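The values are calculated or read from the model by the stated rules, or taken from the named source; none is laboratory data. Values in this document were obtained by computation on a predicted structure and should not be read as measured data. Every residue, glycine as well, gets a Cβ built from its backbone with ideal geometry; the counts of neighbours run over all protein chains shown. Surface accessibility is based on the protein's heavy atoms, side chains included, excluding ligands, DNA and RNA. Shrake-Rupley method; radii C 1.70, N 1.55, O 1.52, S 1.80 Å.
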Amino acid sequence: MVRGIVAGVDPKMTKAIDHLETDLGSLRTGRATTALVETVMVEQYGQLAPLRNVASLSTPDARTIAITPWDKALLQTIEKAIRETQSLGLTPNNDGSVIRLNIPTMTEERRREIVKQLGEKVEQCRVTLRNVRHEALSEIKKLEQSKQATQDDLKWAETELNKKIEAAQVKIEAISGAKQKEIMEV
């Protein structure tokens, strides 16, 4: 049972790291990427949907994102949703069939702000990983108290969970380091 609990943390840790990678994709860098706007929520027929579900997204060049809605009636709604998304700081240009977002070059100050956001997202991921470890250890301690596991099992589980956390931390550092380098690149 203890081994099952320890093995059960792997998918949770992987999911946390995958979520971090997805989150970091939405951080602005110096060039255009559709990941910046994919998750912007747009109201469509009375329900909210991510932009990627209501429009075709492309990057015709390194500084432009083109958004072509599948339903032309959504042009104004998409434009409004992009304007209201504070983290983007982009102004949409609507030509009647396509919305274009011009990605300006970032100032040093803006780059540092985004690096701070990166740090916050990384710390959230670390907290999630620690919570996963804590939950698993709590389950094992309950087993020990009910005499279904020994103290040796508990010590082994702590060691294994710490190894898994360290491996996850290495992945997180690699991901955040690459993203920080990409953000700070002029």
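Based on the inverse mean of 1/r over its pairs of different Cα atoms, what is the Kirkwood hydrodynamic radius of the chain, in Å? Numbers along the way, then the final one.
Numbers: mean 1/r = 0.0524 Å⁻¹.
Hydrodynamic radius (Kirkwood, Cα only) of the chain equals 19.1 Å.
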> Which of the GluC sites (Glu not before Pro) across the range 109-186 are loop residues per DSSP, with 13 or fewer other Cβ within 10 Å?
Replying inline: E185
> Once you put a point 7 Å from the Cα of R100 and another 7 Å from the Cα of E123, both along the Cβ direction, what distance in nm separates them?
Replying inline: 4.0 nm
>> Please list, short to long, the whole-number percent of alpha-carbon pairs of the range 100-165 in consecutive 5 angstrom bins beginning at zero.
In response: 4, 15, 15, 13, 11, 8, 8, 7, 6, 5, 4, 3, 1
> Helix-derived [θ] at 222 nm for the chain: sum -39500 (n - 2.57) over DSSP H runs of at least 4, divide by residue count, nearest 500?
Replying inline: -20500 deg cm²/dmol
> Anyone know which of V170, V37, V54 comes out most mobile in the 10 Å Cα GNM of the chain?
Replying inline: V170
> How far apart, in nm, are two points set 7 Å out from the Cα along the Cα-to-Cβ line at K80 and at T159?
Replying inline: 6.1 nm
>> Cross-link candidates for K12: which aspartates and glutamates have Cα within less than 12 Å, leaving aside residues fewer than 8 places away along the same chain?
In response: E135
>> Can you compute log10 of I(q)/I(0) for the range 1-44 with the Debye formula, treating each Cα as one identical point scatterer, at q = 0.23 Å⁻¹?
In response: -0.81
>> Just to be sure I follow the rule: in the range 57-179, considering lysines 8 or more places apart or on different chains, how many pairs have Cα atoms under 13 Å apart?
In response: 6
> Taking the Cα atoms only, what angle lies between the long axis of helix 151-184 and the longest principal axis of the chain, rounded to 10 degrees?
Replying inline: 20 degrees
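Between D71 and R31, what is the FRET efficiency for a Förster distance of 25 Å, r being their Cβ-Cβ separation, to the nearest 0.05? Can you show the working numbers first?
Values: r = 29 Å, r/R0 = 1.15.
So, using R0 = 25 Å, E works out to roughly 0.30.
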>> Report the Rg/Rh value for the range 62-155, based on alpha-carbon coordinates and the Kirkwood definition of Rh.
In response: 1.35
> Using a probe of 1.4 angstrom, how much of the accessible area of the chain is carbon and sulfur, in percent?
Replying inline: 49 percent
> Does anything in the range 12-30 have its amide N under 20 Å from the 7 Å Cα→Cβ label point of R130, and if so which residues?
Replying inline: 12-21
> If one takes the longest principal axis of the Cα atoms in the chain, at what angle in degrees, from 0 to 90 and to the nearest 10, does the Cα axis of helix 2-25 lie?
Replying inline: 20 degrees
> Roughly how tilted is helix 75-84, in degrees to the nearest 10 and between 0 and 90, from the longest Cα axis of the chain?
Replying inline: 60 degrees
